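Every number here is computed from the coordinates shown, using simple stated rules; none is lab data. What you see is a predicted model, and the numbers here were worked out from it, not measured in a lab. For neighbour counting, all protein chains shown are included, and Cβ atoms are generated from backbone atoms with ideal geometry for every residue, glycine included.
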Amino acid sequence: MTAPALPGSRSGYRPEIDGLRALAIAPVVLHHAAPALLPGGFAGVDVFFVISGYLICAIITGELTEERFSLWRFWERRVRRIVPALAAMLAASTLAAWAILTPEDFRQFAKALVAASVFAANLQFARGSDYFDSAEGTRALLHTWTLGVEEQFYILFPLLVMALWRRRRGALLPAVIVLGLASFALALWLAPRWPLGAFYLLPTRMWELALGATCALLPRAPRADGRLALLGIALIIAGFALIGPATPAPGLMFLLPTLGTALVLLFAGPDTLAGRALGLRPLAWLGLVSFGTYLWHQPVLFFLGYVHFGALPWWLVLAGIAASVGLGAASYHLIEQPVRRRQWLARPALLVPVCAAALALPLAAGAAAYLGPLAPRSMAEAARLDGLRPADATTEIIVPDAGPLAFVLYGDSHAGQYHAAATARFGPGALVSAFGCLSAGGLVSRPPGHPKEAACRALPETLESVVKARGVRTVIWAQRWERWLYRADASEPLGTTYGAGKSHLLRALERFASRLPEDVHIILLGNAPTPQAAGPLLERGWLRCRAFVNAACPDSFPETRAEGRAVNAALRAFAARHPRFTYVDAAAPLCPDGRCLLVQEGKLNYWDASHLSPAGAARVIATIDPALIR
């Protein structure tokens, strides 16, 4: 893409813009390779947005002025610029994901792959993750959100420019300025209310693109000014240094790198110190290959981190950075330039179907991987060990339409994990649960103001209605009992269920029972130990641990480290004093002989880092006396 020249320059090419690209890509790669070294390096993306807005607006208005602008040719150039290089990266990343990722992470990768293939990754990531979704699987393609923003901008912005150019050309600059200010105001308003939306969506990123467009539309292009250009570089560097992961994004702090970029675009000429510095060959070369480097660095660094337990050693970080730049250079010379120079796919009639097919392949692969037909290499081991996610793991409420119910399972996702096993052992039963929720006697584990606090607080009413309507006489209360507790009218926690909040929990149990008919018996199913207690290696589960090439995964851990021991003891003592309650120890069948087993009799007890597999749940349910199910 040829950058417009400042007045008086001898060429339309501005090497300082390629240097500016290098100043943007280097911090982004360094941030993703070693976040602690440059926490604000991700702001390089904001620099890219300003550059993109400047170049795109300058190209469109320049061609409109010369009466040779074609919307179709503009879009064709964007396709040539982006799609072939992107398709190559997506194909290679898909192969690596198939070979390396666990079934759960491969499924999450598939979601990101589908979104990236249709330039909607920013929309996908703005939605966030649901309760069971592992964000790790999506990280290989996390960076493609910027392509979504850019492509959406490429579609909409030329239409705006063309409409105003034909009717009120003089209103174009004011319109872009107003659009930018409105976008920035929206970003500031939305950031505390919907941080993901503010970060990922075009309406809250438009201000950066509009800032670049404004620089291109100024009626009098300023003369080169070395002092202002140097100030711009200083502001960009200050942004990288001062912005951190906790900085509201977008926010006022991001004016540093974006306004700094605008100053460089406006005032860095070839005769200024800033222009000469940014135009140095190594920087200009890195800027030329910056798009390919950006495409490749994220999957390269992600897959290196995925197979290596612990922080990457310095030599591996350097190898990952070198590989990213090398692949970026290969992409530039072997894919981007031949396609853009029409050495390959010269005719649009050939370009369009080839590029459509190149994106249709990862789109189809992502859909097949998410829906099930395409399984990763790790699937065979996971299936053999019974370590796949159960089909109903994401279901919170199950109430059969008709017929008697032997029980109602109540609690959070750790209640849902038992539903299939309990139904197989005792007959049809209901499930009343809310993920991450402990709710009883006016106490909840969700703090006031939490998006799911109201649903959590209403859960006992749902249980009560099911019990009374269907004449159920047994409630199996199972969940992750280690929780913080809150009252409805106070944001300060009462304490944990195994600490200061224990007495509040026990009184809440009594109030909970008083809401149910007197002939209803309540089985308290204790806290099951989780793999996370085995240490950092099992932080994401046993199957995830198997992906590490530099660590051996344990198959058990001491029972003394098991989660929930304190609260389990309190529940056992409480049930012994209250005849309406019976305590069942979920840890007993999973922790024989003083060790909690991750693999037992050839089957995994857990399918992730927290939830029991069907085999593990069946072992626990088998310890419940059928006589208790009335």
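Below are the figures for this structure:
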{"read-out": "Whole-Å semi-axes of the ellipsoid equivalent to segment 15-377 (Cα gyration tensor, √5λ, descending)", "value": "32, 24, 21"}
{"read-out": "Cα centroid of segment 445-466 to Cα centroid of segment 69-138, whole Å", "value": "36 Å"}
{"read-out": "Dipole in debye (nearest 20) - segment 134-256, about Cα centre, beta carbon charges: Lys, Arg +1; Asp, Glu -1", "value": "560 debye"}
{"read-out": "Mean-position separation - Cα centroids, segment 356-375 and segment 470-535, in angstrom", "value": "43 Å"}
{"read-out": "Cysteines having no other Cys beta carbon under 4.7 Å from their own, within the chain", "value": "Cys57, Cys215, Cys355"}
{"read-out": "Segment 272-331, Cα convex hull volume normalised per residue, Å³", "value": "90 Å³"}
{"read-out": "DSSP bridge orientation in the chain - percent antiparallel, rounded to nearest 5", "value": "45 percent"}
{"read-out": "Most to least packed among 568-580, 36-48, 614-626, 292-304 [average Cβ atoms within 10 Å]", "value": "292-304, 36-48, 614-626, 568-580"}
{"read-out": "Backbone HN-Hα couplings from phi across segment 487-496 [Karplus 6.51/-1.76/1.60, Hz, Gly and Pro as x]", "value": "8, 5, 9, 9, 7, 6, x, 7, x, 8"}
{"read-out": "Dipole magnitude of the chain about its Cα centre (Cβ charges: Lys, Arg +1; Asp, Glu -1), debye to nearest 20", "value": "1240 debye"}
{"read-out": "Anisotropy class of segment 184-278 from Cα gyration tensor, a/c 1.5 cut", "value": "oblate"}
{"read-out": "Positive-end residue of Pro460, Gly44, Ala34, charge dipole of the chain with Cβ unit charges", "value": "Gly44"}
{"read-out": "Förster radius 51 Å - calculated FRET efficiency between Ala490 and Ala424, Cβ distance, rounded to 0.05", "value": "0.75"}
{"read-out": "Kyte-Doolittle mean at least 0.0 and Cα axial length at least 15 Å: DSSP H helices in the chain", "value": "15-33, 44-65, 71-100, 145-167, 172-190, 206-217, 226-242, 255-267, 290-307, 314-331, 348-371, 565-577"}
{"read-out": "Protection proxy ranking of 269-277, 60-68 - average other beta-carbon atoms within 10 Å, highest first", "value": "269-277, 60-68"}
{"read-out": "Net length gained if the chain between Ala319 and Ile177 were fully extended (0.36 nm per residue, minus Cα distance)", "value": "46.8 nm"}
{"read-out": "Given charges at beta-carbon only (K, R positive; D, E negative), |dipole| of segment 15-377 in Debye", "value": "880 debye"}
{"read-out": "Tensor-based shape of segment 293-410 (alpha-carbon gyration tensor, a/c under 1.5 rounded, otherwise prolate or oblate)", "value": "oblate"}
{"read-out": "Expected 222 nm ellipticity per residue - DSSP helices of 4 or more, -39500 (n - 2.57), all of the chain, to 500", "value": "-16500 deg cm²/dmol"}
{"read-out": "Nitroxide proxy distance, nm - points 7 Å out along Cα→Cβ at Ala246 and Ala573", "value": "3.8 nm"}
{"read-out": "In nm, spacing of pseudo-spin labels at Thr394 and His333 (7 Å Cα→C-beta vector)", "value": "4.5 nm"}
{"read-out": "Sorted by Cβ neighbour density within 10 Å, fewest at the top, the residues Arg77, Arg21", "value": "Arg77, Arg21"}
